[in-house]
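The values are calculated or read from the model by the stated rules, or taken from the named source; none is laboratory data. Small disclaimer: the values here were computed from a predicted structure and weren't measured. When we count neighbours, we look across all protein chains shown, and the Cβ atoms used for this are built from the backbone with ideal geometry, even at glycine. What goes into the accessible areas is simple: the full protein's heavy atoms, side chains included, and nothing from ligands, DNA or RNA. Shrake-Rupley method; radii C 1.70, N 1.55, O 1.52, S 1.80 Å.
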Amino acid sequence: MAIAAKTEAGRDGIAALLDRPAQALAAFDYDGTLAPIVADPSRAYPHPRVVSALASLSRHLGLVAIITGRPAGLAVELAGLAGAPGLDRLMVLGHYGMERWDAASGKVATVAPPDGLRAVRTALPSLLTSLGAGRADIEDKGLSVAVHVRRLDDPAGVFAAVEGPLRELAEEHGLVAEPGRMVVELRPRGMHKGVALRGLVTEARATVVTFTGDDLGDLTAFAEIERLRADGFDGVRICSGSAEVRLLRKQADLVVDGPEGVTRWIEDLVGQLDARRSTS
Ligand SMILES: [Mg+2]
């Protein structure tokens, strides 16, 4: 049975995608969307069926892309995308679009690290210790730094204690702090998933756009879809639902149950696209 959207715009968007798949761009967040959230972010492997589902989807659509806050190369490695069958046209935008990997070249294009990142790196350990979070995991992503508190005792309490000071530290050094699921990331200003999505829409000349995400950093991509819809594009905002994030769920056209639900949604879509192709 088809998975239905809860909004009219979402239903129109899905209908448009089925009618004009060659003009469609489907973009996905990685962590919490294609891969379950795990305590150790270096072991966030994709849902077991999702890579082959993405490959099947990319046979039908204009462009399938992953837009993640992770370094592009790391997402490619974790997801096992390099050389995966059927994924030759997949694109991965890492660091919110500052890095790009495409399956055709197999290479990552990147930019220089932002000014201020070095000072933030140096200041972080003592700041965290002074906040009672000295055992938080610091993930150095090259173009940004993330502080993970999921593995600490009372992660929610620690998160509340560190979020404000991390924001101040970021601002002091010309960066921004982006809160997520038991993580705060300090990264350059001006680049976010909305900007990354807009660039891909232009590049792919897409007229139908879907974005699937699970966390607060995905709200900018949802907002971009709203903007595109106001300009006459079709679009669908899909939430990979979790108990941790409620705001995204409210703004979505369609809510599915975590990476398992996302995988089923992709498989369902592929089934409908296959059926249309075989009858056309
Ligand atoms: Mg995510």
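Rounded to the nearest whole Hz, the Karplus-based 3J(HN,Hα) values (6.51 cos²θ - 1.76 cosθ + 1.60, θ = phi - 60°) of the stretch 53-66 follow the sequence 5, 5, 4, 5, 5, 5, 5, 9, 8, x, 8, 10, 9, 10, with x at glycine and proline. Note that the stretch 117-188, at 20 °C in a medium of 1.002 mPa s, gets a Stokes-Einstein diffusion coefficient of 183 µm²/s from its Kirkwood radius over C-alpha pairs.
Each Cα pair under 8 Å and six or more residues apart adds its sequence gap; the mean of these over the residue count of the stretch 1-71 is a relative contact order of 38 percent. Distance between the pseudo-spin-label points of Ala109 and Leu131 (7 Å out from Cα toward the beta carbon): 3.6 nm.
Less than 5 angstrom separates the built amide H of His173 from none of the residues sequence-distant by 5 or more or on a different chain.
Using heavy atoms of the protein chains and a probe of 1.4 Å, the accessible area assigned to Ser105 is about 60 Å². Size descriptors for the chain: radius of gyration and Dmax over Cα atoms are 18.7, 65 Å.
Computed about its Cα centre, the charge dipole of the stretch 19-106 is approximately 180 debye, with only Lys, Arg, Asp and Glu carrying charge at their Cβ. Angle between the Cα long axis of helix 258-279 and the longest principal axis of the chain, 0 to 90 degrees, nearest 10? The angle comes out near 20 degrees.
Distance between the C-alpha centres of the stretch 138-170 and the stretch 19-33: 30 Å, rounded to the whole angstrom. Other residues within the sphere of radius under 11 Å centred on the Cβ of Thr263, judged by their own Cβ, net out at -2 (K and R +1, D and E -1). The C-alpha atoms of the chain define a longest principal axis, and helix 117-130 lies at about 60 degrees to it.
Heavy atoms of the protein chains alone define the surface here; on that basis the chain has 44 Å² accessible area per residue at 1.4 Å probe size. Does anything in the stretch 75-102 have its amide N under 16 Å from the 7 Å Cα→Cβ label point of Arg43, and if so which residues? Under 16 Å, as judged by backbone N against the label point of Arg43, lie 78-79 of the stretch 75-102. In this structure the amide hydrogen of Ile37, modeled in the peptide plane, comes within under 5 Å of the amide hydrogens of Gly32, none closer than 5 places in sequence on its chain.
FRET efficiency for the Arg121 to Ala84 pair, using the beta carbon distance and R₀ = 35 Å, is estimated at 0.55.
Over 30 Å between Cα atoms: which of Lys107/Lys193; Lys6/Lys141; Lys6/Lys193 fall into that group?
Distance filter (> 30 Å) returns Lys6/Lys141.
Highest GNM mean-square fluctuation among Tyr96, Tyr30, Tyr45, for the chain modelled with Cα contacts below 10 Å: Tyr45.
Beta-bridge orientation, the chain: approximately 50 percent antiparallel, per DSSP, counting only bridges with both partners inside. Applying the Karplus relation 6.51 cos²θ - 1.76 cosθ + 1.60 with θ = phi - 60° to the stretch 24-33 yields 3J(HN,Hα) values of 9, 10, 10, 10, 9, 5, 9, 5, x, 10 Hz, where x marks Gly and Pro. Between amide H atoms placed 1.01 Å from N, distances below 5 Å from Ala27 occur with Ala65, Thr210, Phe211, Thr212, all of them 5 or more places distant or on a separate chain.
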